[in-house]
1. When you count, for each residue, the other Cβ atoms within 10 Å and take the mean per peptide, how do 265-271, 139-145 rank with the highest first?
2. Assuming R0 = 30 Å, what is the FRET efficiency of residue 28 and residue 120, from their Cβ-Cβ distance, to the nearest 0.05?
3. Given an 8 Å cut-off on Cα distances and at least 6 residues of separation, report the relative contact order of the range 29-556 as a percent.
4. What Kirkwood Rh does the chain have if only Cα atoms enter the pairwise 1/r average? Answer in Å.
5. Report, in deg cm²/dmol and to the nearest 500, the calculated mean residue ellipticity at 222 nm for the chain, where each DSSP H run with n ≥ 4 adds -39500 (n - 2.57) and the sum is divided by the residue count.
6. Roughly how many Å is it from the Cα centre of the range 328-387 to that of the range 518-538, as a whole number?
7. Any idea how far the Cα center of the range 177-215 sits from the one of the range 77-104, in Å?
8. Could you tell me what % of all Cα pairs in the range 39-149 have separations over 25 Å?
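Nothing in this text is a laboratory measurement; each read-out follows from the coordinates by a stated rule. Everything numeric here is computed off the predicted structure, so don't read it as measured data. Note: ideal-geometry Cβ built from the backbone for every residue, glycine included; neighbour counts use all protein chains shown.
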C-alpha cells in the first residue's frame, strides 16, 4: 500500500526568515475585516477593566433589537423565532457578527472572519423563506461559530500554525456540510493553541472575558471567550483531553463531550491525525444544556454517517431521552478526587452544593471513589505522547516556528507499535473495570447509577499557562464516556478561603496547585462540574444533566 501524502506541506512563500512578518500581515488583514462602524471607542479599548462581558450593552454598537437577539441563550428559541418570521436571518446574522466583532476587540478570540459572506448567505435564506414559507432545516439562519479546525471550502484554515499560512481548504469538513444542510450560517472561526492554553504565534493570546487577566482554557478557548461574550449562540469545539469541557468550565458555559463517532469529524483539520488510541471528538458549546441537546439532536437526525465514513449511523434516540426525563428519583455517584490533584475550595464547594441540592430534591447521591483514576491519567499521557511529539515537530520545523511556552515534546517518549498495542490493551482493561464498577454500585432505585458528578478541573480559570492538569477530563476521553459540563456558582473569597493548616498535599504538584490558588484574583469566576454518563448514551445523559443543571440554576451562576 502506498504511503499517504503529508497532510500539509508549508508553502514556499514562508521561510525561516520571514514567518514573523507573514504572521503580522495575517493579523493585520484580520483586523481590517472589522467594519469601522463596529469598532469600539478609544476610551473603551483603553479601559483596563477585567470583566468585559457588559461592554456590548454599553458600547452603542448594537441596537436594542440586536441586543434582544444576542441576549437569547436558547438555540431552539432563536431558530423558532426565525422560522416564525419574528426575526429575519439577516438581522440575526448581523447582530451576532457585530457582537463577535466586539468580542474580538476585547478578548482576541477569532481567527477567520466571514461577516460579509455570512450576511450574504443569510440573505439567500431569507429569500428562500419568503418564496416558500419554509425553513431549510432546524438551524435555518442560526449563526454557528467553529473552532479553527473545521474546513470551509475556499477559505484559509491554519489551526493557529504560522506553518499553515496560505492553506486553502479544498472541501467542507463533514460537520460543516451537515450543519449547512441544517440551515446554519458560519460567521467566524475561533482561536486555538498548538497545545493547551489558547495562544499561538499567528493570532496571539485569547483572554477570558469574565476576567481578562485569566485564561479561557484550551484548546477551544476562542469558542469559550466568544460564546461567553454572546458573539455566538452555539459553537463547535473539539475535545481530546478536555478541550470543550475546560473552556466551558472556565468561561461559564455548557457543553457536552460526546462519545466517539457520534458527531462527524471527517475532513476536519487536526494534529496527530492517524492516532486512534484516544480519539478527538467534536462537541457543541452554548449557554444552556438544552441548547446542547437541540444541537446534538439536529446533527444526529441528519445521519452523520452520510457525511462521514467513520461516524455512527444512529439518529437521536427520542425514546431514551423521554424515558430518562420521566424517571423521577435519580441516583448519582460523586467523584471527589482523581487522587492526583486536590480540587481547590470553589470547586469543592460547587460539587458539594450540587450534591446537597440533588438530595434536597429527592435524588440519591453515593460516593464513587475509584483509585484507578490516577492510572488513567498516566496511561492517557503515554498514548498522547506515543510519537514523542514528532507530528507537531514536523509541522513546526519547516520554518523553525517555536513551540508555545510550556509545551514540551520529548522524543524519549516515543513508543514502538508493540508498546502502543499494550497500552491499548491496558486502556480496554480500564474501560471494562470502570463499567463493572459503575454497574456494580448499588442504588435505591434498582437501576444502575444515572450519572457521575465530578470536577472538570481542580481549579477555576487560572493565569495564562497555569492550566497544568487535565486528569479530571482526560480520564473520560480514555474511557470514552460522554460528559456534560455546566457552571454551578462563582468564586467567593469569603467562602472559598485558603486553609493551609487543613491541606494535605497528595504530591509536590498538588502542593503547587494549592500554592497557586488565589481566591481574590479569581473572585467572581465560574466554578463548574461535569455529569458523566455511559458510553454512547448521550440522550440519557442530556436528560439527566438537565435535571442537575436545573437544580443548581446553572444559567444563573453569575447572578
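1. Details: 265-271: 19.4, 139-145: 26.7.
In decreasing order of mean packing, 265-271, 139-145 become 139-145, 265-271.
2. Values: r = 24 Å, r/R0 = 0.80.
The value I calculate is 0.80.
3. Numbers: 1147 pairs, mean separation 81.7, N = 528.
Dividing the mean separation by the residue count of the range 29-556 yields 15 percent.
4. Working: mean 1/r = 0.0420 Å⁻¹.
With all distinct Cα pairs of the chain included, I get 23.8 Å.
5. Numbers: 19 runs with 213 residues, N = 559.
Rounded to the nearest 500, it is -11500 deg cm²/dmol.
6. Cα centres, the range 328-387 to the range 518-538: 11 Å.
7. 19 Å
8. Tail of the P(r) past 25 Å holds 25 percent of the pairs.
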